[in-house]
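The values are calculated or read from the model by the stated rules, or taken from the named source; none is laboratory data. None of the values given here were measured: they were computed from a predicted structure. Here Cβ is always computed from backbone atoms with ideal geometry, including for glycine, and neighbour counts include all displayed protein chains.
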Amino acid sequence: MVFATLLATLVLTNMVLEPSHMIIGLDGDSIKNFYTYLYHTLYDNNLWFTGMNYPYGEHAIYTDGMPALSTFVIWMRDTFHLQHDTIVAAFYVTLALGYGLGIFYVYKLFVHFGVKPWWAIAFAGLVIILSPQQTRLVGHFGLGMLCVIPMLWYWLARYDSTAHWRYAVYVAVFGFVIAFIHPYLLAVSFLFAGAYILTCFFYGKRTFRERLLFICPLALALIIAFAGVKGVLYATDPVKDRPTHPWGLLEYCTKMEDLTASPLSPIWRPDVSISEGFAYVGVVTMAVVAVSLLITAVMLVQRKKVENMHTGMSSKWLLIAGIALLIASGAPIEWMGGELPPYLSAFRQFRTLGRFAWICYYIITVYTGVCLYRWFAALLQRNRRVAAYGMLLLAVLLWVFDASGYVNFLRHLTGQRSRQQYMQYFYWDRGDPLTMLEKSGYTPDSFQAIISLPFMYIGTDKLWLHEDGDRALAQATGISVNTGLPMVNAMLARTSWQQGFKHAKLIAGPFVHKPLLDDIQSDKPFLISYFTENEMDEDSRYLLRMADSIGWVDGCKIYKLYPARLRHEDERCIDSALAIAADITARDSCIACTAPFFIVHYDEKEYGKAFWGRGAETHMYKSEDTLVAFDMQPMVNESRYEFSIWVLVNDVDYRSPAFHLKLYDTAGNMLKEEYIPAKISTDNHGMWLRVSKYFSMPAGTRRMVCQVDNNPDKPDYIAIDELLIRPADALMISKNGNAVLANNHLLKKQ
């Protein structure tokens with residue numbers, strides 16, 4: 001334990017010695033996952049997190065904020081009146097504790113498998129230093145708890161040796177708790193323990209009854225852990241329309257290069273990437289496995305006993321490693337056509353299959369240490385001391401060299417830069433939002449929530465708005481932590497579809513009723529944080545036109561926006577468009593057009609449940625993916641346009657289409673291509689999504705071709721309707737009897 005503490009301090013110096021004044025990263029998942037923990041512990045009181053997705057909030061288990069820790073810190077905060085620096089320290093001390101416990105339990109595994117303590121200590125440190133889990137400390141902090149898999153494996157190994165029921169109890173309690181560190185850790189534990197149960201059932205010389213009695217306590221432990229988590233969610237989570245079929249089941253699988261090369265190791269090229277399936281085992285492990293396979297082959301040829309092989313470590317663990325690696329590679333799902341059967345559908349939630357390779361990493365590296373020690377002991381028995389110590393020291397030194405890059409990686413990650421980022425995040429020495437508001441005559445209580453622009457909203461899998469706005473969101477989280485104001489934006493894992501659809505309409509422009517404004521319980525203004533480095537589209541800029549400027553904070557321009565004013569302006573714009581529509585008789589009228597417009601109604605198509613009009617185009621079950629082409633007089637000047645189209649998507653999974661708008665000159669040269677995915681939709685009616693994007697049409701454009709990504713086997717959409725390409729500064733009115741569209745937004749349906 002002393003060694004584990006010293007090594008953790010050496011590698012994670014600031015995290016151990018100065019944990020209260022550091023932030024590992026200020027962008028993307030790193031700051032979001034730190035923020036969700038910090039806001040939850042500072043301002044919330046139970047398992048419900050209110051810092052994002054205002055006014056609804058989110059269950060803490062879906063925030064990546066380690067709710068098992070944050071809820072405990074909340075209790076400590078209320079009991080001992082903790083300050084924010086102590087709350088920050090608790091976060092990082094927990095991660096450092098996980099690092100040290102990982103070393104300690106790997107050591108216990110080595111001792112369990114017969115390695116002498118001093119060598120077990122050395123091997124344990126090397127296994128943890130090279131662990132692929134530590135790469136998750138850049139953002140997915142809960143997944144960086146390096147002790148989880150070693151602890152579970154140790155209890156399974158002890159159960160394997162003793163069959164004592166207390167280890168099954170440990171597995172049940174442990175499985176329940178770690179689900180609230182990160183749900184994926186529960187999935188990893190389920191796979192490990194499940195593969196062990198399966199292996200025990202089909203492996204060994206016990207009778208059928210003995211095998212059944214042996215595995216029952218562990219099977220019951222898994223059921224209890226799963227039921228406990230489900231019971232807590234049932235009692236505390238009111239949301240019933242979370243995504244059940246998220247994107248990416250086969251997108252993040254482990255490949256051979258993830259096991260055999262690492263950009264953090266000084267042995268390999270720096271251009272090797274770290275993927276979600278990364279599980280580099282090290283050159284020593286690769287060499288030992290190769291030699292071990294050769295020895296095993298020789299033993300088989302000589303018809304010697306292979307059980308426990310030449311290591312004293314049961315081959316069932318290697319079989320479990322193989323099962324984990326097979327699943328991490330995605331092979332079983334690919335064999336099933338890329339889809340899980342209904343009885344395995346819950347595993348869709350754990351879409352990053354490559355992380356299951358961590359099980360393989362720990363088993364195969366511990367196996368490496370056990371092999372090295374056994375070979376060392378065998379050489380000593382033959383009185384070949386020079387060869388024994390030479391082999392072992394060479395292996396350890398090469399292992400240390402291989403792992404040295406990981407030490408440098410973590411020391412840099414948690415070093416002086418992390419302290420500077422802490423100072424930056426809390427605005428020390430540069431003014432802070434509280435001071436800025438006070439100088440302008442406001443307090444945090446003057447506002448109800450923060451809207452960050454560009455409007456980043458991620459979490460429903462159907463919608464994925466402004467994913468390039470993570471720096472803006474990071475700035476807004478700093479304002480949120482400093483003021484206590486929650487955020488309307490979200491960057492969460494499994495947000496309600498309907499809540500997401502309501503949020504998206506907030507930036508859909510003036511011709512859209514915004515149901516989010518109906519759901520809020522306050523007339524206080526929103527505080528808008530506009531990160532000026534990001535470009536603003538016309539619909540988002542509409543919010544700023546309705547707002548009043550307050551001041552600046554660290555690259556963000558701050559506004560106040562009254563909900564009543566936004567409602568009134570929306571109603572005025574809608575009423576004005578309807579009045580214009582009442583006075584015109586043409587099917588399509590472009591008001592104040594300074595450039596040509598292009599429109600397709602699809603009334604002649606076969607789909608009867610059209611969004612607007614008489615018909616719609618159904619999914620194209622063919623390889624041809626061109627929807628329409630428009631010819632025009634060559635554009636004289638560059639012009640600002642909006643592309644929009646309505647798409648009907650399913651209400652089952654993540655699938656939605658993407659469009660490509662290709663612009664050509666007179667000679668047929670492509671001047672520009674716009675990629676327009678349906679996930680950036682802001683306006684919606686039911687499962688009809690208005691897919692839109694503003695773009696600049698280059699001078700000289702002569703022809704436009706609109707294509708849609710097409711998957712004949714797994715349709716990305718059901719139907720499409722109402723394609724419109726209009727000048728961005730024009731008002732486009734379409735009429736069909738009493739039905740009216742304004743700029744392709746539905747004002748009235750017949």
**Report entry** Set 426, 501, 455: member being in contact (Cβ under 8 Å) with a residue 24 or more places away in the chain, of a type in the set (Phe, Trp, Tyr) and surrounded by fewer than 20 Cβ atoms within 10 Å (Cβ to Cβ)
**Finding:** 426
**Report entry** Qualifying residue in the range 257-275 (condition: among the hydroxyl-bearing types (Ser, Thr, Tyr), in a loop (DSSP other than H, G, I, E, B) and closer than 25 Å to residue 340 by Cα)
**Finding:** yes
**Report entry** the range 680-726, subset β-branched (Val, Ile, Thr) and more than 26 Å from the chain's Cα centre (by Cα), residue surrounded by the most Cβ atoms within 10 Å (Cβ to Cβ)
**Finding:** 720
Query raised in the report: Name the residues in the range 571-628 that are of a type in the set (Phe, Trp, Tyr), surrounded by 15 or more Cβ atoms within 10 Å (Cβ to Cβ) and over 25 Å from residue 641 (Cβ atoms), would you?
Result: 607
Query raised in the report: So, of the residues in the range 278-328 that are at pLDDT below 95 and hydroxyl-bearing (Ser, Thr, Tyr), which turns out to be surrounded by the most Cβ atoms within 10 Å (Cβ to Cβ)?
Result: 311
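Residues are listed down the side, and each one gets a yes or a no for (1) within 30 Å of the chain's Cα centre (by Cα); (2) closer than 19 Å to residue 35 by Cβ:
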residue	(1), (2)
420	yes, yes
424	yes, yes
427	yes, yes
440	no, no
443	no, no
446	no, no
456	yes, yes
459	yes, yes
464	yes, no
Query raised in the report: Taking the range 700-725 as the search range and keeping residues that are acidic (Asp, Glu) and within 16 Å of residue 658 (Cβ to Cβ), which one is modelled with the highest pLDDT?
Result: 716
Report summary line: Condition set modelled with pLDDT of 95 or more and of a type in the set (Val, Ile, Thr), scope the range 484-507, selection farthest from the chain's Cα centre (by Cα): answer is 507
Requested in this report: Would you mind stating whether residue 473 is in contact (Cβ under 8 Å) with a residue 60 or more places away in the chain, buried (at least 18 other Cβ atoms within 10 Å of the Cβ), outside any loop (DSSP other than H, G, I, E, B) and not aromatic (Phe, Trp, Tyr)?
Outcome: yes
Requested in this report: Kindly check whether there is at least one residue in the range 456-468 that is in a helix (DSSP H, G or I), touching a helix residue (DSSP H, G or I) at 6+ places or on another chain (Cβ under 9 Å) and of a type in the set (A, V, I, L, M, F, W, C).
Outcome: no
Requested in this report: Among the candidates 558, 520, 528, 550, single out the residue that is within 26 Å of residue 691 (Cβ to Cβ) and among the β-branched types (Val, Ile, Thr).
Outcome: 528
Query raised in the report: Is it the case that the range 92-101 has a residue that's over 30 Å from residue 211 (Cα atoms), surrounded by fewer than 24 Cβ atoms within 10 Å (Cβ to Cβ), among the polar types (S, T, N, Q) and modelled with pLDDT of 95 or more?
Result: yes
Report summary line: Checking 264, 222, 250 in turn, the sole residue that is crowded, with 17+ Cβ neighbours inside 10 Å and more than 30 Å from residue 397 (Cα to Cα) turns out to be 222
Query raised in the report: Any residue in the range 3-10 that is crowded, with 24+ Cβ neighbours inside 10 Å, modelled with pLDDT of 95 or more and more than 17 Å from residue 487 (Cα to Cα)?
Result: yes
